[in-house]
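The values are calculated or read from the model by the stated rules, or taken from the named source; none is laboratory data. None of these values were measured; they are calculated from a predicted model. We place every Cβ from the backbone using ideal geometry, glycine too, and count neighbours over all the protein chains shown.
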Amino acid sequence: MESSNSVVATQVITQEPDQQSEITACITQQSVLQITLTGPSLVLSIIAIIIGIQILQPSLTCTLLALAPLPWIIHNDYQNFISLGPGGTPATFLGYLKITYLRLFALSDPYSPATFIEDIYPTTGYYQRVQSWLPHRSGPRPKIAGIAPQRQLDQPGCKKTYEMLRASLENLAVQSPESFRIGTSCFEKKGLALFARDPINATCRGEVCHVHHSDRSLHLNLHPDDAKVVLERGWGERHPLARGGWMKAYVPREFVMVYAPRNRMELDAVCRIIEAAGFWVSGKQFEVGVTPESVGLSYESMTKALER
């Protein structure tokens, strides 16, 4: 019997590279300080400098030269914002200006748990209550960029794992219609989300979590005890605006990004995190069973259903 179990384990491990081969292209971001001048642009820049030195005051010329890169820096930064794809903020220049302003208040350390001085309910987290545990995520953390949208730039999960995650959320809502439903994310304004019908903690319309089709990561709300476990074991990080106070108008203080699961083992761990999120929002304990993607609705059919 022991040899049979070891064979099965070996088969699972050898299948992982096949799953990882089905990945999406990573979201690209460029350095905002990278400025490329073509031949004509370089010649015009030199001519402008010479004319400025001859006509304008030296101090004014120096000021203009110092400010000259600013339009390119703004352009590069705006392109980075657009490349993150659709999210909770309109992909317009006004939306970019809003995010640029909110950056001034972003968390400096998204890996440290939030501190709470007020009473919260439930008083203890899901993992402590059910005496469950969460393994450490292997490897370094992926690179994360943006605020709204916030996206994972590398280490994308495989397509099959992502579809199994979606199917699991869909079937949970089917199996427990009195407790949960699926719909369009209230935070993202698009994409698949799981909602608690009778939330005990305020989120956007009782949203438990939502998944991102572009990078296959998630956003969800967690009890502070559970968020501490998730952060310490490398599965995610706090949202840049999850600092409480007046910023609750954008996201709750308990708002956390969870990285895209890269294989079946990580998918199991992410499902345990979703269970903790559901406990915080609904106050109920439930199990998110990993469901084959063929059982759930396809992404296309679900998108059409959410649009109606």
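How do the pairs read when you match residues in segment 50-63 that are surrounded by fewer than 10 Cβ atoms within 10 Å (Cβ to Cβ) with residues anywhere that are small (Gly, Ala, Ser) and not in a helix (DSSP H, G or I), using Cβ under 6 Å and keeping only pairs 6 or more apart or on different chains?
Between residues of segment 50-63 that are surrounded by fewer than 10 Cβ atoms within 10 Å (Cβ to Cβ) and residues that are small (Gly, Ala, Ser) and not in a helix (DSSP H, G or I), there is no close pair.
I need the full set of residues from segment 233-256 which are farther than 18 Å from residue 88 by Cβ, touching a residue at least 60 places away in the same chain (Cβ under 8 Å) and out of contact with any Leu (no Cβ under 9 Å at 6 or more places or on another chain), in order please.
Residues satisfying the conditions are 234, 244.
For the condition of a type in the set (Lys, Arg) and under 19 Å from residue 116 (Cα atoms), what is the one hit in 238, 264?
On the way: 264 fails: under 19 Å from residue 116 (Cα atoms).
None of the others qualify; the one that does is 238.
Determine whether residue 52 is within 25 Å of the chain's Cα centre (by Cα) and not hydrophobic (A, V, I, L, M, F, W, C). Write out each step before concluding.
On the way: within 25 Å of the chain's Cα centre (by Cα): no; not hydrophobic (A, V, I, L, M, F, W, C): yes.
Here the answer is no, as residue 52 does not meet what is asked.
Sort through 238, 243 and tell me the only one that's more than 25 Å from residue 197 (Cβ to Cβ), basic (Lys, Arg) and at pLDDT 95 or above. Explain how you work it out, then say what you get.
On the way: 243 fails: at pLDDT 95 or above.
Criteria check complete, one pass: 238.
Is it the case, given these coordinates, that residue 190 is assigned to a loop (DSSP other than H, G, I, E, B) and either touching a residue at least 24 places away in the same chain (Cβ under 8 Å) or among the small types (Gly, Ala, Ser) (or both)?
Working: assigned to a loop (DSSP other than H, G, I, E, B): yes; either touching a residue at least 24 places away in the same chain (Cβ under 8 Å) or among the small types (Gly, Ala, Ser) (or both): yes.
Answer is yes for this residue.
Do you know which residues across segment 104-119 are under 25 Å from the mean Cα position of the chain (by Cα) and not acidic (Asp, Glu)?
Step one: list which residues in segment 104-119 are under 25 Å from the mean Cα position of the chain (by Cα), which gives 104-116.
Passing the criteria: 104, 105, 106, 107, 108, 110, 111, 112, 113, 114, 115, 116.
Pairs please, first residue from segment 161-173 and over 16 Å from residue 191 (Cβ atoms), second anywhere and of a type in the set (Ser, Thr, Tyr), Cβ atoms under 6 Å, 6+ apart in sequence or on different chains.
171/291
If residue 101 passes every condition in (1) more than 19 Å from the chain's Cα centre (by Cα); (2) surrounded by 13 or more Cβ atoms within 10 Å (Cβ to Cβ) but one, which one does it miss?
(2)
Could you give every pair whose Cβ atoms fall below 8 Å, whose first residue belongs to segment 257-283 and is assigned by TED's automatic domain parsing to the domain that holds residue 226, and whose second residue is among the aromatic types (Phe, Trp, Tyr) and in a helix (DSSP H, G or I), counting only separations of at least 6 or pairs across chains?
260/162; 261/162; 275/126; 276/126; 276/127; 279/126; 280/126
For the list (1) in contact with a helix residue (DSSP H, G or I) (Cβ under 9 Å, 6 or more places away or on another chain); (2) within 30 Å of residue 185 (Cβ to Cβ); (3) hydroxyl-bearing (Ser, Thr, Tyr), I need the number of the one condition that residue 31 fails.
Residue 31 satisfies every listed condition except (2).
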